[in-house]
Amino acid sequence: MKELIPFHISQIEPYVPGLPIEEIKRKYGLKKVVKLASNENPLGPSRLAVEAIRKSLDSINRYPIDDGYYLKKALSEKLDFPMEQIILGGGSTDLIKMIARAFLDRDDKAIISETSFLMYRLAICEVNGKEAIIKVPLKNYTYDLESFLNSLTPEVKLIFIANPNNPTGTMIRKKELDEFISKIPDNIIIVLDEAYKEYITDPDFPDGTNYIKKGKKVIVLRTFSKIYGLAGLRVGYGISSEEIIDGLKRTKTPFNLPRVSHDGALGALEDEEHVKKSLKLNTQQREFLSKELKKLGLEVIPSVTNFIMVKSPKPAKEFAFELMKKGVIVRPLDAFEAPEHIRITVGTEEDNLFLLEKLKEIL
Ligand SMILES: Cc1ncc(COP(=O)(O)O)c(C=O)c1O
């Protein structure tokens, strides 16, 4: 008899979410819990987004706006790409899955990096099983593009790159990425996942959309979950050539972007002040927190994002659990293949001081 779950699906490790904050408070008898585990915007959503969502509520008897028309139009103007070269998803996570489904043929493989965003391997596995994943180690906490080149085989169809990378917080510089992309054969699609792009102030960061303009087979992924503060609405977008977007439209679930999410994202896009304020806070607090963590004797990986990878003084799961019992939720990185590290999202000044106080108690 056939197994109920196909073998390649049984190889997927289901995503394990953390307990809700209210449950943690109840379980450990805590008054205050600070969550620094999911790289969310600690300032909250933009007020313009919240207003737009409120207005949107009166129309939720209707299906979502066809194909996210107005959001795509606004993005098209902002990014200077025709609407036909943009696609919307339920977070960039949804787009990553759409990409694997659209472009991996039966025996195709994909290259990813070790210690990077988990969704790439889940998406590849869902289509072609674990055997379709070619995994390259990091070098010095950064993507090792030379090893990517050495791993190319005729079966490779997709390359996933998180720039900057989660959970290390490091980025690939322009010259290196230019050279890499120029060496990739034209039958391979490179996904540049830029979920944290808006946090970067270094002028040497390569904006992936320039490769699309030059005709490279690149898909750039961006999201409203990070600096725009809308993780709970699930809105992401992809930019690529018309041909590639046409392929993606074929694996897109119709109406994948709820009305409130569409309208909220439009509001957030207009609120440039909120983005500026979020960037300023993050840059200041990242410097402050990195310095203070080092003062506590912790090894900190220099970050260009809104989170910091830290070497854990004891097994990361145990350390994160101790912090949770004191009211701070951070991410142990065992699922990211870094069991000796934790990842801390940069919070507000108050959040970060609370974390430092609890760290001092433990260390
Ligand atoms: C590198 C990277 N890409 C994509 C995402 C997913 O974002 P979204 O909320 O848009 O699905 C994350 C979220 O943590 C991420 O770290």
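What the table shows:
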| quantity | calculated |
| --- | --- |
| When the convex hull of its Cα atoms is projected in every direction, mean area for the range 62-111 (nm²) | 5.0 nm² |
| Cross-link table 73/252; 31/294; 78/175; 72/109; 214/280; 25/360, entries beyond 23 Å C-alpha to C-alpha | 31/294; 78/175; 72/109; 214/280 |
| Positive-pole candidate from 116, 10, 49, dipole of the range 1-156, charges at beta carbon | 49 |
| Three principal axis lengths of the range 1-149 [C-alpha, angstrom, descending] | 52, 48, 47 |
| Average Cα contact separation per residue, the range 157-316, under 8 Å, 6 or more apart, as relative contact order % | 25 percent |
| Rg followed by Dmax, in Å, when the range 55-270 is reduced to its Cα trace | 16.8, 55 |
| Fewest-first sequence of 209, 223 by Cβ atoms within 10 Å of each Cβ | 209, 223 |
| Bridge type composition, the range 55-270 - antiparallel percent by DSSP, nearest 5 | 35 percent |
| Relative contact order (%) - the chain, alpha-carbon pairs under 8 angstrom, separation at least six | 24 percent |
| Restraint check, 35/217; 55/216; 130/311, Cα-Cα greater than 32 Å | 35/217; 55/216 |
| Whichever aspartates and glutamates have a C-alpha closer than 17 Å to that of residue 326, once near sequence neighbours (fewer than 8 apart) are set aside | 22, 23, 318, 350, 351, 357, 361 |
| Rg in Å to one decimal, and Dmax rounded to a whole Å, for the range 85-146 via C-alpha atoms | 12.5, 35 |
| Cα-only radius of gyration and Dmax that characterise the range 208-363, units Å | 19.2, 56 |
| Rounded to the nearest 20 debye, dipole of the range 217-363 from Cβ charges on Lys, Arg, Asp, Glu | 240 debye |
| Per residue, the convex hull volume that the Cα atoms of the chain enclose (Å³) | 161 Å³ |
| Mean separation of Cα contacts under 8 Å, 6 or more apart, over the residue count of the range 55-270: relative contact order % | 28 percent |
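Laboratory data are not the source of any read-out in this text; all were calculated from the coordinates shown. Computed from a prediction, not measured in an experiment: that's the story for all the values here. Heads up, the Cβs are rebuilt from the backbone with ideal geometry, glycines too, and the neighbour counts pull from every protein chain shown.
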